[in-house]
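Asker: Please read through the structure below; I'll follow up with questions.
Derivation of every value follows stated rules applied to the coordinates shown; laboratory data play no part. Values in this document were obtained by computation on a predicted structure and should not be read as measured data. In this analysis, Cβ positions are derived from the backbone assuming ideal geometry, glycine residues included, and neighbour counts consider all displayed protein chains.
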Amino acid sequence: MTRRRSSTLLPQGVQRQGTGQDLGTSSGASTAALSAHDVHVAFDGVPIVSGVDLEVRAGEVLALVGPNGAGKSTLLSVLAGDLAPSAGRVLLHGQDLHGLRLSELARHRAVLLQEQRLSFPFHVEDVVRMGRAPWRGLPEEDEDDLVVARSMEVAEVTHLAPRLFPTLSGGEKGRASFARVLAQGTRVLMLDEPTAALDIRHQEAVLVQARDQAAAGDAVVVVLHDLTLAAAYSDVVAVLDAGRLRGYGAPRDVLTSELLTEVYRYPIDVIEHPVRGELVVLPVRERAVRSAAGPATPDHLHDRPTDL
């Protein structure tokens, strides 16, 4: 994936068209595309998410962050309509998300799961084309080939098209699945740890594309563990801990050393990059660095050739 910015994922001349139930459209960042109202989730009486209120607007990227077990993926499942809340409501463009038929829901939001569980020997191109299933039998179906090709290009998986999905590496599976989500062509994207298993270049590229989707008017919700990436690419950050919302707002207001140290139960520094001014989130490492240049070279490596 390149860092090239584009106004929209779709090829020139191809327009998104709303179909199915009219959920309205968001003309700008002033309207909530998706909102949660006092959402609770409990499994066997054990609270997993408690009293969460938040929203993501058209043109925004909302990052869900927090320690393991904080409830991020569960909350994302509720926001996606895949899991009904024990209490509370989720609204998609002002209408109750859980009152929609699955076919309607699939034309308005796309979800990238944390785990890529597809084990059948589908070719990568066929996996990406699965994203077009909600538009089958509708006028948008005519755009399938163009959208699939463009999505694979953006995710840099065109060269993987003939490969069988189960034979891909973890990172390649993630990129192919991201292409499928893009091909779905919805105005709300939900990405659960999309940077997992990706190298640095592809981590950046996925989040650049998430920002591009927002710039084109989409609403994006993304679960991230890398807090520096969350600070760099999100408009709004929601910090979860033990199922509760502990912080919610602009990254500079929410990602503070005090809050993160408390939530993660580990000392954390938040500093500004000396050149770019971006927030950088770092763990405070208790072990003293042995020298300013880093750890000394182990003795058994001194005599090894450096050009291998």
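Asker: Taking K and R as +1 and D and E as -1, what net charge do the other residues with C-beta under 9 Å from the C-beta of ALA58 add up to?
Answerer: 0
Asker: Just add up the charged neighbours of HIS123: K/R +1, D/E -1, any other residue whose Cβ is under 12 Å from the Cβ of HIS123.
Answerer: That sum, taken over residues with Cβ under 12 Å, equals 0.
Asker: Related question: What's the magnitude of the charge dipole for region 221-277 around its Cα centre, counting Lys and Arg as +1 and Asp and Glu as -1 at the beta-carbon? Answer in Debye, nearest 20. It would help to have the intermediate numbers written out before the result.
Answerer: Details: 5 positive and 8 negative charges, 20 e Å.
Dipole size: approximately 100 debye.
Asker: A further question on this structure: If you plug each phi of region 231-245 into the Karplus form 6.51 cos²θ - 1.76 cosθ + 1.60 with θ = phi - 60°, what whole-Hz ³J(HN,Hα) values come out, in order, with x for Gly and Pro?
Answerer: Rounded to whole hertz, the list is 5, 6, 10, 9, 8, 9, 10, 10, 9, 9, 8, 6, x, 10, 7.
Asker: Which ³J(HN,Hα) values in Hz, rounded to whole numbers, follow from the phi angles of region 75-81 under the Karplus curve 6.51 cos²θ - 1.76 cosθ + 1.60, where θ = phi - 60° and Gly and Pro get x?
Answerer: Once rounded to whole Hz, the list reads 4, 4, 4, 5, 4, 7, x.
Asker: Add +1 for every Lys or Arg and -1 for every Asp or Glu among the other residues with Cβ under 10 Å from the Cβ of LEU240, and state the total.
Answerer: Values: positive: LYS72, ARG244, ARG246; negative: ASP241.
Every neighbour counted, the sum reads +2.
Asker: If I stretch the segment between HIS37 and GLU278 completely, what's the gain in nm (0.36 nm per residue apart, minus their alpha carbon distance), one decimal? Mind dumping the intermediate values first?
Answerer: Details: separation 241, 0.36 × 241 = 86.76 nm, distance 3.17 nm.
Stretched out fully, the HIS37 to GLU278 stretch lengthens by 83.6 nm.
Asker: Which shape class applies to region 66-211: rounded if a/c is under 1.5, otherwise prolate when a/b exceeds b/c and oblate if not, where a ≥ b ≥ c are the square roots of the Cα gyration tensor eigenvalues? Display every interim value, and only then the final one.
Answerer: Details: a/c = 1.90, a/b = 1.24, b/c = 1.53.
Verdict is oblate for region 66-211.
Asker: Under a 5 Å amide H to amide H cut-off, with H placed in plane at 1.01 Å, what residues pair with LEU83 once short-range neighbours are removed?
Answerer: VAL78
Asker: Which of rounded, prolate or oblate describes region 74-128 when judged by the alpha-carbon gyration tensor and an a/c cut-off of 1.5?
Answerer: prolate
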